[in-house]
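Have a look at the structure below before the remarks.
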Amino acid sequence: MTAIDPTAHLTATQIEELGRELDAIRDEVIAGRGEKDAAYIRKVIAAQRKLELVSRGVLLFSSFPPAWLLGTAGLSVAKIMDNMEIGHNVLHGQWDWMRDPKIHSTTWEWDHVSPSDQWKHSHNELHHTYTNVIGKDNDLGYGIMRVDEDQKWHPLHLGQPLWNFINACFFEYGIAAYDLELGKNLNKRGRKNPEFRARAKAVGRKIRKQVLKDYVIHPLLSGPSFLPTLGATFTANLVRNIWSHSVIMCGHFPEGVQVFERRSIKGETRGQWYLRQMMGSANISGSKAMHFMTGNLSHQIEHHLFPDLPSNRYAEVAVKVRALFEKYELEYVTGPLPKQVFSAWRKVFRLSLPNKKPGVRTPDRARELVAA
């Protein structure tokens, strides 16, 4: 990690002015939300449901290889759409302004083993509040990886590339596990906690529901194609898990993305919070189709700045946000998907090994301003 502070050239006044400019961008989008945006999300939801229905229908004949390939590909895309562009963003409240009870963060449930209410707490309330703050943000390393040179190395960290790969393959279960905060709740006292027990039972019910739908009912409906359909559904879930894990890794873990200590957010102002989002996120460049398949989380920087803005607006917002990065001489970390995936995994491997020399944390400007 470099010892050069990427925000050291900014004064307190500049940081707060940056915050006001970002507020203005957000206000402009909110004022412009309308029927075109509403039509977009309704069209996406309708397309996803039709694609899933058709794909599951094709898989009823999955004993024929062409049907298996076509149905598996379609179901994989449908599951990615459900989790990324629809579920993730609806649960963020991006479409609550429509006042549609069928497309609202308080009523939506997704094709995922983590119950929506638990995910909203760990993701919306914790991750987006404490982005990349070690010890506060459970999304940072998912509680199983060393994410910074200053973290004490342990021989178990040698296995973190393997843990990360397993987590990618079963990502929805990994998310459910850290939504439950198993690390601190598996002790005897935690297991007896009524709140934890209630949340664990809710996860168990959701898992049973997902398993019944994907691995029992659908394969049984396939009759003689039971085993091929079972394999196809498993493959679709695997593809969805690896894809969503890769997108999240690319937005939070590539080289150049900053991490922060707990004390850095003490007394944090609005401008400093914005600055932490900018320095703690990375984007993925690519085509409109790629942006759509990531749930527009390829615009991770913009999403962290404005998590409740409609996802279809992130592309236009990104132009203005990048201009602010240039204006304030900050690094806009972005790159094509292969580059970002390679960068994130290289960091996973690097931090699995002990430091070659004592680590020096990159100082963040928020910490210096609070200390002053």
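Computed on the Cα atoms alone, the convex hull of segment 33-95 gives a volume of 61 cubic angstrom per residue. Counting Lys and Arg as +1 and Asp and Glu as -1 over every other residue whose Cβ lies under 14 Å from the Cβ of Ser285, the net charge comes to +2. Averaged per residue, segment 142-240 has 56 square angstrom of accessible surface, using a 1.4 angstrom probe with ligands and nucleic acids left out.
Hey, could you get me the Stokes-Einstein D for the chain, Kirkwood radius over alpha-carbon pairs, 37 °C and 0.692 mPa s, rounded to whole µm² s⁻¹? Value of D from the Cα-based Kirkwood radius: 150 µm²/s.
Only one residue of Phe165, Val203, Leu221 has its Cα farthest out toward the positive end of the dipole of segment 151-222, where Lys and Arg carry +1 and Asp and Glu -1 on Cβ, and that residue is Val203. Counting Lys and Arg as +1 and Asp and Glu as -1 over every other residue whose Cβ lies under 14 Å from the Cβ of Leu70, the net charge comes to 0. Between helix 65-81 and the chain there is an angle of about 40 degrees, using the helix long axis and the longest principal axis of the Cα atoms. Of the residues Ser246, Leu309, Ser55, the one whose Cα sits farthest towards the positive end of the charge dipole of the chain is Ser55 (charges of +1 on Lys and Arg Cβ, -1 on Asp and Glu Cβ, taken about the Cα centre). Full extension of the chain between Arg205 and Lys152 yields a length gain of 15.3 nm, computed as 0.36 nm times the residue separation minus the alpha carbon distance. Between Ser287, Ser122, Ser222, the Gaussian network model of the chain with springs among Cα atoms under 10 angstrom shows the greatest mean-square fluctuation at Ser287.
In summary, segment 232-356 shows an alpha-carbon radius of gyration equal to 1.14 times the 2.2 N^0.38 Å reference for compact globular proteins.
How would you classify segment 41-158 from its alpha-carbon gyration tensor, with a ≥ b ≥ c the square roots of the eigenvalues: rounded for a/c under 1.5, else prolate if a/b is greater than b/c, otherwise oblate? Oblate, since a/c reaches 1.5 and b/c is not below a/b. When the GluC sites (Glu not before Pro) in segment 74-180 are filtered for DSSP coil states and for at most 13 other beta-carbon atoms within 10 Å of their beta-carbon, the remaining sites are Glu109.
Check the straight Cα-Cα distances from Lys102 and name the lysines below 29 Å, setting aside those fewer than 8 residues away within the same chain. Within the straight-line limit of under 29 Å, Lys102 reaches these lysines: Lys36, Lys43, Lys50, Lys79, Lys120, Lys201, Lys206, Lys209, Lys213, Lys288.
The share of accessible area on the chain that comes from carbon and sulfur is 64 percent, using a 1.4 angstrom probe. Angle, helix 337-351 long axis vs. longest principal axis of the chain, Cα atoms, 0 to 90°, nearest 10? Its long axis makes an angle of about 70 degrees.
Applying both filters, DSSP loop and at most 13 other Cβ atoms within 10 Å, to the trypsin sites (Lys or Arg not before Pro) of segment 264-303 gives Lys266. Scattering from segment 298-343 was approximated by placing one identical point on each alpha carbon and applying the Debye formula without solvent; log10 I(q)/I(0) at 0.13, 0.17, 0.29 1/Å stands at -0.32, -0.53, -1.07. A dipole drawn for segment 303-358 from +1 and -1 charges on Cβ atoms has a positive end, and of Ala318, Leu351, Val341 the residue lying farthest that way is Leu351. Per the Debye calculation on segment 236-284 with a single equal scatterer at every Cα and no solvent contribution, log₁₀ I(q)/I(0) for q = 0.18, 0.31 Å⁻¹ amounts to -0.65, -1.09. Proximity of backbone amide H atoms, modeled 1.01 Å from N, is registered between Ser285 and Gly335, Leu337 at under 5 Å, excluding neighbours fewer than 5 places apart on the same chain.
Placing +1 on the Cβ of every Lys and Arg and -1 on the Cβ of every Asp and Glu, with no other charges, gives segment 19-143 a dipole of roughly 460 debye about its Cα centre.
The values are calculated or read from the model by the stated rules, or taken from the named source; none is laboratory data. It should be emphasised that the depicted structure is a prediction, and the values quoted were computed from it without experimental measurement. Positions of Cβ are generated from backbone atoms using ideal geometry, with glycine treated the same way; all protein chains shown enter the neighbour counts. Just so you know, the surface numbers come from the protein's heavy atoms only, side chains and all, with ligands and any DNA or RNA stripped out. Shrake-Rupley method; radii C 1.70, N 1.55, O 1.52, S 1.80 Å.
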